[in-house]
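> Encoded as structure tokens, here's the structure I'll be asking about.
The values are calculated or read from the model by the stated rules, or taken from the named source; none is laboratory data. The shown structure was predicted, so the numbers you read here are calculated from the model rather than taken from an experiment. So basically every Cβ, Gly included, is an ideal-geometry build from the backbone, and we count neighbours across all protein chains shown. With ligands, DNA and RNA removed, areas are computed over all heavy atoms of the protein, side chains included. Shrake-Rupley method; radii C 1.70, N 1.55, O 1.52, S 1.80 Å.
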Amino acid sequence: MKKLLALSLSLLIVYGISAQDGKRLSAAQFLGYEVGTKFTRHHRVVEYFEYIADNSPQVRLIPYGQTFEGRPLVTVAVSSKENIRQLETLRKGHLTRIGLNDGSVVPDKQPLIVWLSYNIHGDEAVSSEAALSVLEKLASGDADVNKWLENTIVIMDPCVNPDGRDRYVNWYNGVQLAQPNVDQNSEEHHSTWPGGRVNHYLFDLNRDWAWQVQVESQQRAVLYQSWMPHVHVDFHEMGINSPYFFAPAAHPLHENITPWQREFQQLVGENNAGYFDEEGWSFYTKEYFDLLYPSYGDTWPTFNGAIGFTYEQGGSRDAGLAVLNDYGDTLTLADRVSHHYTTSLSTIEVAHVNRERMLNEFEQYFQSAKSNPPGTYRSYVIKNSNDKTRIEALLELLDKQEIKYNIASGSKKSYNGFDYLNNKNGSFTLEENDVVVSAFQPKSVMVKVLFEPKTMLEDSLTYDVTAWALPYIYEVETYATSERIETNKKYENKFTENPKPTRRPTAYIAEWNSVQDIRFLAALLKENIKVRYNINPMTLDGKTFGRGSIVIPRSQNKNVKDLDSKIRKIANTHEQALHYATTGLAQKGPDLGSDQVRYLAAPKVAILNGRGVDANAFGELWHYFDQEIEYPFSVLNMDYASGVDFSEYNVLVLPSGSYSKIATQLMDFARGGGKIIAIERAIGTFAAGETALAKAMKSSDNEGSSKKEGDKLKRYEDSERSYLSNYVPGTIYKVHLDDSHPLAFGEDGSIHVMRRNSTAYPYIDGWNVGVIKDDGHVSGFVGHNLKRNLVNSLEIGQESVGSGSIVYFVDSPVFRGFWHSGKLLLGNAVFFD
């Protein structure tokens, strides 16, 4: 009978029929089960939010996009009936108050805006379940809640990562038993690779708030910045043996987090603690979850003026509907829902109580940003002499942050400032069309955070990356100066399409400097256009082309129909400037017919994934090939990789992971002429045996000294920190390049990387293309032992194996999809021999 009733209620909703008594259905009635007794698929979560919005004058649905897999991204605004009626007016008035809207109408009444984000990690699935209960409560007509809503607008995003959530929920619902099994060994507590934490491209969306590589992040940021809430909460889960974490956050706290932002964290924590103590629920504060790295769901809102929070509930993918943890306690989904439900409402309550001060502090935050920006530097100058595609990629990120910039005009002028690429203070000349980012703007805190050359660390025990300055990410000549540079000329993308040639060129030539050039090359190869590339600089028609420039000879493309128009169309689509060579005779360097202008055969590429492979690392590469360079590739899963004939491919890319089960097969592939690109932990596969790397490692180990007796003496209370001396969480390092080697084509003598690998690799008897020297450490934390060991170590290398080779990237060249400068190096590894 109960099942029939539940089914009937579900059918009523599907056909748009309200409950018989005319009242809104509860979440339990709508779903056909009590919240917390099952995992709800994303479409049903959305349907409930739509249902409430359709049937409550206090709720408005705000769709904001869709995921790569086509699932809807939605929020709702919940407030008083009056506020909902004038929602758009209130939104615009709020932005006008803080200087982010040019409008002049400012309503007398300004509600607080509290934004609650649920389920950014898909297999931390309690969040969306809790969101159902929170929405039901907010729209219930409860007298206390309505009092809050008179002066508060609550924005709720029930699921930030629908693709990841459904991957987990569909898996769990497919393996669950009639009654939950609390045994940790049961299948329902062991989700399959890659798990539901990540989105379609296996990116961790809670590391993507600032960089906005993924479509979910991009669309959410647009909506977020159209509201600019005062408070933002990001709901998570952690391991089954942990209780609950809420603010105050752990140290280190970024130096630009204001006293008020810190104080409000304490106020919310005290209120949350009161409710948890009343129920006898365990919790902790001030540990693990810090506020430093700017791309989290707590820090990115914080640097946008809000007070950002991370709330962590014990559970996550291992918990299922119920699990017995290591302490003999049974943790249920219903328990987890109750905890997130409680902190959701508690946070709204504290915001309501502190409304007046919060409004004043928020306005002051942006007024100060415009008149007295934080930090030493007042202007950041990006030289126009940089590669234009790199400049535009950086400016695209600034646009996403709604950071303003202009370009210099008029006569040259000298300034003193910090030179990022040389990591020192010096003088520079401001020239026409240099890009100038002023600190005097509403988003000045975000400007300072994204451009800060050195991150101030009050504590080295941190959760994630410790350095991220944009000039290193994009490898562009940039200067930070304490002087205010006034500019008002707008930057314009002035690409001029390649014209129809007046005579048939001997060849078309394109320079090789950025990932955009790789995308152009990929497009040519997909059209079966034959190309070559020069391994030494050459000068033709008075123009010099650096190593790696793409040459499209007419003589080798005689069978391509409409060759000239096809090449121009591809080039113009990719905004690629072409040189029309009138002769194959070089004025300097190799002629076009020289064997120094090598034929580039389209490589057949495969990437390994599956068990033993880091899902995030595979996702970086998947996104790179699929979206960044749009080049075809095959994905080989480790479950069946041992049965694949690798000789069908030219290039095998190994994301960070373990490949010991197919190590012999991989070596045979290389000996037979294949190229292996091993990244991060994948290098370990070749650190034993007869490779040059293995021999170098063995020699290095023999030269090392044993641990000193004094090093063995340590205090137990320091155990958490004992590993730090050999650890790097994410630090910027300068790498010196052999720019004559194909792996470094398109770069100058050095490049910057995000160092996250705690293994120092010695030089190899091969090509040490990228190495760390004594000037390597640039910004961020690195343990003192590791820092010493990294001097004169390998970062990028290549060794010959039989008739093939192995390329080593000690750190990911495409870290989290935002490390822009490394994308060219990975392209070199794939396409150049």
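> Which of rounded, prolate or oblate describes segment 120-179 when judged by the alpha-carbon gyration tensor and an a/c cut-off of 1.5? Numbers along the way, then the final one.
Details: a/c = 5.14, a/b = 2.18, b/c = 2.35.
Oblate.
> Expressed in nm to one decimal, what extension gain is obtained for the pair D102 and K147 from 0.36 nm per residue of sequence separation less their Cα-Cα distance?
Details: separation 45, 0.36 × 45 = 16.20 nm, distance 3.15 nm.
Gain in length upon complete extension: 13.1 nm.
> Whose amide H sits under 5 Å from the amide H of L636, counting only residues 5 or more places off or on another chain, with H placed in the peptide plane?
I607, L608, N609
> Classify segment 282-424: rounded, prolate or oblate, from the alpha-carbon gyration tensor (a ≥ b ≥ c, eigenvalue square roots; a/c under 1.5 rounded; otherwise prolate if a/b is larger than b/c)?
prolate
> Tell me which label goes with the value of semi-axes √(5λ) of the Cα gyration tensor in Å computed from the coordinates here: (1) 47, 33, 29; (2) 57, 41, 23; (3) 63, 31, 23.
After the calculation, the listed value that fits is (1).
> Let me ask another. In whole percent, how big is the carbon plus sulfur part of the accessible area of segment 579-684, probe 1.4 Å, protein atoms only?
Using a 1.4 Å probe with all protein chains present, segment 579-684 comes out at 46 percent carbon and sulfur.
> On C-alpha positions alone, give me the angle between the axis of helix 515-526 and the longest principal axis of the chain, in degrees, nearest 10.
For 515-526 against the chain, the angle is about 70 degrees.
> Now for a different question. Run down the aspartates and glutamates and flag those whose C-alpha is under 16 Å from the C-alpha of K569, throwing out any fewer than 8 positions away in its chain.
Straight-distance partners of K569: E497, D517, E527.
> Here's a follow-up. With every protein chain present, what is the per residue accessible area of the chain (1.4 Å probe, Å²)? Don't skip to the end; give the middle numbers.
Working: 33610 Å² over 833 residues.
With all protein chains present, the chain gives 40 Å² per residue.
> Is it possible to state the helix-based mean residue ellipticity at 222 nm for the chain, with each DSSP H run of 4+ residues giving -39500 (n - 2.57), the sum divided by total residues, to the nearest 500 deg cm²/dmol? What is it?
-9000 deg cm²/dmol
> Enumerate the amide H contacts of L540 below 5 Å, restricted to partners 5 or more residues apart or on another chain; note that Pro and chain-start residues carry no placed amide H.
F545, Q587
> Can you work out ³J(HN,Hα) from phi for every residue in segment 823-833, in order, using Karplus 6.51 cos²θ - 1.76 cosθ + 1.60 and θ = phi - 60°, giving whole Hz and x for Gly and Pro?
Karplus values, whole Hz, x for Gly and Pro: 5, 5, 5, 5, x, 4, 5, 6, 9, 9, 9.
> About the Cα centre of the chain, how large is the charge dipole given +1 on each Lys and Arg Cβ and -1 on each Asp and Glu Cβ? Please answer in debye to the nearest 20.
2440 debye
> Report, in listed order, any pair from K147/K400; K412/K490; K500/K604; K424/K734; K92/K388 with a Cα-Cα distance greater than 25 Å. Intermediate values should be presented prior to the final figure.
On the way: K147/K400 36 Å; K412/K490 18 Å; K500/K604 33 Å; K424/K734 13 Å; K92/K388 35 Å.
Violating the 25 Å limit, Cα to Cα: K147/K400; K500/K604; K92/K388.
> Please give the net charge around N422, taking every other residue with its beta carbon less than 11 angstrom from that of N422, where Lys and Arg add +1 and Asp and Glu add -1.
Numbers: positive: K424, K734; negative: D419, E477, D775.
So the surrounding residues net to -1.
> Sticking with this structure for a sec: Once the piece of chain linking K588 and Q665 is laid out straight, how much longer is it, given 0.36 nm per residue of separation minus the C-alpha distance between them?
On the way: separation 77, 0.36 × 77 = 27.72 nm, distance 4.47 nm.
Residue separation times 0.36 nm, minus the Cα-Cα distance, leaves 23.3 nm.
> Give me the angle, in degrees from 0 to 90, between the Cα long axis of helix 126-138 and the longest principal axis of the Cα atoms of the chain, rounded to the nearest 10.
For 126-138 against the chain, the angle is about 40 degrees.
> List, in order, the whole-Hz ³J(HN,Hα) value for each residue of segment 727-740 obtained from phi through the Karplus relation with A = 6.51, B = -1.76, C = 1.60 and θ = phi - 60°; use x for Gly and Pro.
Karplus values, whole Hz, x for Gly and Pro: 10, 9, x, x, 9, 7, 10, 8, 10, 7, 10, 8, 6, 8.
> With everything on Cα atoms, drop me the angle between helix 333-353 and the longest principal axis of the chain, reported from 0 to 90° to the nearest 10.
The angle comes out near 80 degrees.
> Let me ask another. Separation between the T502 and N55 pseudo-spin-labels, each 7 Å from Cα along Cα→Cβ, expressed in nm?
7.4 nm
> Let me ask something additional. Once you sort the root eigenvalues of the Cα gyration tensor of segment 535-630 as a ≥ b ≥ c, which label holds: rounded (a/c under 1.5), prolate (a/b larger than b/c) or oblate (the other case)?
Working: a/c = 2.48, a/b = 1.93, b/c = 1.29.
Prolate, since a/c reaches 1.5 and a/b exceeds b/c.
> At a 1.4 Å probe radius, carbon and sulfur cover how many percent of the accessible area of segment 395-522?
Values: 2250 of 5470 Å².
Taking all protein chains in place, segment 395-522 shows 41 percent carbon and sulfur surface.
> Could you work out the local net charge near M638, counting Lys and Arg as +1, Asp and Glu as -1, over the other residues with Cβ closer than 11 Å to its Cβ?
Once positives and negatives cancel, what remains is +1.
> Another question about this same structure. With θ set to phi - 60°, apply the Karplus curve 6.51 cos²θ - 1.76 cosθ + 1.60 along segment 55-72 and write out the HN-Hα couplings as whole Hz, x wherever there is a Gly or Pro.
Computed from phi, the couplings for segment 55-72 are 10, 9, x, 9, 10, 10, 7, 10, x, 9, x, 8, 7, 4, 7, x, 7, x Hz.
> Using amide H atoms built 1.01 Å from N in the peptide plane, name the residues 5+ places from Y293, or on other chains, whose amide H lies under 5 Å from its own.
Distant-sequence amide H within range of Y293: zero hits.
> Of the heavy-atom accessible surface of segment 766-825 (probe 1.4 angstrom), what whole percent is carbon and sulfur?
About 47 percent, which is the carbon plus sulfur part of the accessible surface.
> Give, in nm to one decimal, the length gained when the segment between N637 and Y723 is fully stretched (0.36 nm per residue of separation minus the Cα-Cα distance). Let's see the in-between values first.
Values: separation 86, 0.36 × 86 = 30.96 nm, distance 3.36 nm.
So the extension gain works out to 27.6 nm.
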